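Below: one structure, written as C-alpha cells.
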Amino acid sequence: MTKANDVPVFTPRRMTVIGCGYLGAVHAAAMATLGHDVVGFDLDASKVELLSTGRTPFYEPGLDDLLSEALATGRLRFTTSYAEAAEFADVFFLCVGTPQKKDSNAADMTYVNGAIDTLAPLLTRPALVVGKSTVPVGTAEALRDRLVALSPAGVDVRLAWNPEFLREGFAVKDTLSPDRVVVGVDDPADADELAALYAPVLELGMPWVVVDLATAQLVKNAANAFLATKISFINAMAELCEATGADVVALADAIGHDARIGRRFLHAGLGFGGGCLPKDLRGFMARAEELGVDQALAFLSEVDDINKRRRLRAVEVTTDLLDGDVSGKRVAVLGAAFKPDSDDIRDSPALDVATLLHDLGAEVRVHDPKAMDKARETRPELTYIDDPVEACRDADVVLHLTEWAVFRELDPVKLGEVVKHKRILEGRNTLDSGAYVRAGWDFRALGRPIIKG
C-alpha cells in the first residue's frame, strides 16, 4: 500500500543495530527518532554504558542531542546481550567495522563474519538482516548463504544490503536526510519492506535506488574511489603548480566551472585521510586483484601514492621555511583530526606530518579542538597544548593542517606577536593569505606561489 506520491506508508519496526561504533550509534539513534523501536547491540560494555546515558565515545556534531532525544522517547536502548538483541527484533542492521588488515590492503572481515556466526543460530523466526558495513563485493552473497545454513529459521532469514554514505561531521544530517538511499536485494518484497521502514526519509524526496546485492556492495567503494581520485587529481595538479609557479586554487576554480567536472572535492592541500577513503580505496584494489581484474583499478594505486606524497611535501616545505634544518626548531601544528568537526585521527595527514617532523628532531606542539585526547593516546611523543595561540607561542613556524573554523578565525596580527618567526605553511588552502601577508608573514601554501610578507 502506498500513498498518492508513491511513498510507502510508514511501518514502525522492532530492529536491532549490531555494532554501535560511529556508524551504528548514529543509525540506532536516527531510526528511533524516525519512530522505530531499536535495540543497539555492542560487545563493549563501557561503550554500551556510555551510549545509554546519551553520550558517545567520539565527537560528532548533533549526535549527543539526537541520542538523548531518542532515549527519552523510550524507543531506544542498548545491550551487550546477543540473545536479547536477537529475541527483540525482526530487522537487524549490521554496522560492524571492516578495518584494513595489518598485513595487506584487504578488508578485515573478522567482525562481520563473527557477528553473522553468532546471530544466525539465534534467529528462530523470519527476519531481515540488512548489511550497512562497507565490504568487498561478494561478501553479501556468502553471508546470505551462511545465514540460511546456520539459522533455525533457514530460508526465512533474508539478507539485503543498504550501504551507508555518512560524512564525518555531517552524519546526523546524512542519515536523516541523505542524498540517496540504496538497497540491494534478492527479492523485490525485501525492497518494499525497507521502503516502508525508510518512509519518513523518502517523504523528503530522496532518491530510492533498488539494485542487486553485488551492485549495492560496489556502490560505496566506487563512490569513495571516485572522490579519492578527484582529490588526488587536484593534488597532482598542485605538484605541477609548485613546479611552474601556477596557483592550484585558481586552477580548481577555473575547471570547476565546467559542469562536467564541478568544484566539489577539488580542494588541493594535504590530501585525504580518515577511516574510510584510504582503507576503502586499498580494499577495493585488493578485491579486484582477488577477482583477477586488478588492472581495472590499477590507477587507484597512483591515487593513493599522490595522496601520501602530499604529506611528504608538507615536510619538505616546512624544512625549506626553516632554512633547511628542522632539528631543534619549534613547530606549531594546528590540527590533529583528519578533518574538521571530527575527533577521528585514523590515517590523519596532520598527525603524520607532525610525527615526521618530530622524528627529524623538531619540537612539535599540537592543538586540535576535539582530537587531543585520541592524539595523545596514539602519538604520545608529541606535545599537546590546549589553546591554539599558546601552541604557537615562540614557534619558528606554524603549520595549518586541519581546517577547523577556529583556526580561520585567528588574527594574523595578534598571532604574529606570540611567534618567534612569522612563517606559516597553509596545508588546507582555507586561510586568508592576504591577511597574513599584510601582517608580515612568510606564507607558503601547497600548490600556490610563494608569498613573503
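Listed values, structure above:
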quantity: Restraint check, K47/K308; K101/K374; K173/K370; K132/K374, Cα-Cα greater than 31 Å; calculated: K47/K308
quantity: Sequence ranges 75-81, 45-51, ranked by mean other-Cβ count within 10 angstrom, highest first; calculated: 75-81, 45-51
quantity: Relative frequency of Cα-Cα separations exceeding 28 Å in the chain, percent; calculated: 55 percent
quantity: 3J(HN,Hα) from dihedral phi, the stretch 275-285, Karplus parametrisation 6.51/-1.76/1.60, rounded to Hz, x for glycine, proline; calculated: x, 10, 3, x, 6, 5, 4, 5, x, 4, 5
quantity: Rounded to 5, percent antiparallel among DSSP beta bridges of the chain; calculated: 10 percent
quantity: Per-residue ³J(HN,Hα) for the stretch 108-122, Karplus 6.51 cos²θ - 1.76 cosθ + 1.60, θ = phi - 60°, Hz, x for Gly and Pro; calculated: 8, 9, 4, 6, 5, 5, x, 5, 5, 5, 7, 6, 3, x, 8
quantity: Ranked by how many other beta carbons lie within 10 Å on average, peptides 96-103, 232-239 from highest; calculated: 232-239, 96-103
quantity: The stretch 221-303 - convex hull of alpha carbons, volume per residue in Å³; calculated: 94 Å³
quantity: Residue-averaged [θ]222 nm for the chain, counting only DSSP H segments that reach four residues, each worth -39500 (n - 2.57); calculated: -13000 deg cm²/dmol
quantity: Highest to lowest packing among 336-345, 135-144, scored as the average C-beta count within 10 Å; calculated: 336-345, 135-144
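Readers should treat all values here as calculations from the given coordinates under stated rules, not as data from a laboratory. For clarity, every value in this text was computed on a predicted model and none was experimentally measured. Glycine also receives a Cβ, built like all others from the backbone with ideal geometry; neighbour counts cover every protein chain displayed.
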